[in-house]
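Derivation of every value follows stated rules applied to the coordinates shown; laboratory data play no part. The structure displayed is predicted, hence computed values, not measured ones. Here the Cβ positions follow ideal geometry from the backbone for every residue, glycine too, while neighbour counts run over all protein chains shown.
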Amino acid sequence: MDKNGIPAPGKTGMARLMELGARKKGLIVCACVLAVLSVAVSFTPFIAIYYIIRELVAHFTDLDALDTAYMLRFGWLAAGGAVGAILLNFLALMCSHLAAFSTQYELKLAYAEHIASLPLGFHSANATGKLRKIVDENIEKLEGFVAHQLPDLFGSFAMPVFTLVVLFLFDWRLGLASFVPILIAYGIQMTAYGGDKSKKFIKLYQDSLEDMSNASVEYVRGISVVKAFNQTIYSFRKFHETIENYGRFCISYTMTFEKFMSAFMTIIGHVYVFLIPAIIFIAGGAEDYGTFALAAVFYILFSFSLATPFTKLMYVSQMGRQVADGIERMDKMLAERPLPETEHPKTAKGYSVSFENVVFSYAGEGENEIPALKGVGFTAKQGEITALVGPSGSGKSTIAHLIPRFYDVTGGAVKIGGADIREMPGGDLMSIVGFVFQEVFLFKQSILDNILIGDKNASRAQAMAAAQAAQCHEFVEKLPQGYDTVIGSAGVHLSGGERQRIVIARAILKNAPILVLDEATAFADPENERKIQRALSELMRDKTVIIIAHRLSTVRGANKILVVDGGKIAEEGTHDSLVKANGRYSRMWEQYTGAMDWTLAGRRVMPARRGEKTEVTADVRH
């Protein structure tokens, strides 16, 4: 049981559904009882009609002898039964909906809080579409199950019981003749949908939906690339294939059960076909032909109403299996455990960051994967700038992600102020580490709200001061509603550099003593880079800074430069000392400064006369 009162994953299938659905036990019990009562009362009109018909048959030769008051009472009973069944069903649905909405709210809240507590590695391994589908579809279906299917389930199971009572109430022989086709129909249905075959279908169905959801999210995110290259959905192979696979799977499955479903619906909807021969056979030996004729008419009329409850029971059961599979997928996510918290927390004594023989593998300890880091050791001193440089894939970003404990190390330790970050409370760790990554994410909220994410307790004036320090104030003031402008609203467009500066303003407001910068200016144009660098200089003041950069000019003034290569620290020192060492950094610096001298010069030749070639040349000069 978690802090929201959600039962821990353990049970599966219908048992798990009932466990989650019964969290609001009082409302659920009321809903189920009222649903059963509604079903019971719904049979009242049929019984009342039987007695009305009996009165008519008894006096059809002398209509003046009809007991009008007697028939009127049963007429009112039939009307009251119909109204009562509707009212009881309405009350049942009201109770179940109250329970469903409350359960849905708590489940979504618990799920959102849980996935937010999981490490970054979990989110890297699980696509956004898959996580979104659980919230948008699986939990939504649970709400539908609790609100509708759960009371319907009890009502549907009660319906056959009351149906059997009515069937065998007046003439057991005709009742048996009506019940045999129902057994045959359900035998066919269980042969088709029962057992492991149905479970396998539900799993494959949900898998195909997840694949299509993941591909659709990826397609929408890459729509600008698709449009830029004048492509269509058919060129986005993965999305197109998931749609086709889903369609082929559903059609093939539907066609597989075509005959079974047709047979079931035909038999359950035409019980009278079995009933009429039984009536003809029994009629010859009837002692009281009038009474038997009355019963025969009643059973024929009643047989037309049998299809609805039994078909409903089939669909409720099928929907329950689909919802159960969706909840199992939610439970798999809830079973994922956050990084463990220590029972004996320690406090950092200072803000120096130390890596002590750190080994890290994304697959985890004991897995057959080449480690991303192999025995990394260094110290980023408090108040100094430590830069990480090296080729792509060398392990720089992995080092940066380990500092705020997005992952746990496989071996060794990461320490802040002498305390192992695994022994620090998660909230304390996140409060002293700030980070600005190259991938900028802003919420579709006001600019002020986006900045206040750095510190929810800060005032508007403090947020605006942080924006000024981050070089944001000038462009924000030009927006339609200034700091209250909602990002993504109509007519509002921010450049990459402007979005980056808002993220920096968020970090300035947080004012964490340790700062991790991962390619913060990687995609900025020269003008925005100048402003971002000015904002970063304000942000980095008096802090322990770990900065990752491909542009070596941005880290030239760092107190310490670490050259990362193949998951190891290959070199360490200042810019000048590393250049003089004539090692890897020196070669990187030569390549970097050499690339800065490359120019592209073009020369256009005037159009030639007719019959002559027109030539345009471009010279690359060093």
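Each listed q (0.08, 0.11, 0.13, 0.16 Å⁻¹) maps to a log10 I(q)/I(0) for the range 353-595, found by the Debye formula over equal Cα scatterers with no solvent: -0.33, -0.61, -0.83, -1.15.
The trypsin sites (Lys or Arg not before Pro) of the range 333-436 that meet both conditions, a loop assignment by DSSP and at most 14 other Cβ atoms within 10 Å of the site Cβ, are Lys349. Which entries of Lys560/Lys580; Lys25/Lys332; Lys396/Lys560; Lys478/Lys510; Lys346/Lys568 show an alpha-carbon separation above 19 angstrom in the structure shown? Lys25/Lys332; Lys478/Lys510; Lys346/Lys568, as the Cα separations exceed 19 Å there. Of interest is the spacing of the C-alpha centroids, which for the range 28-63 and the range 399-448 amounts to 69 Å.
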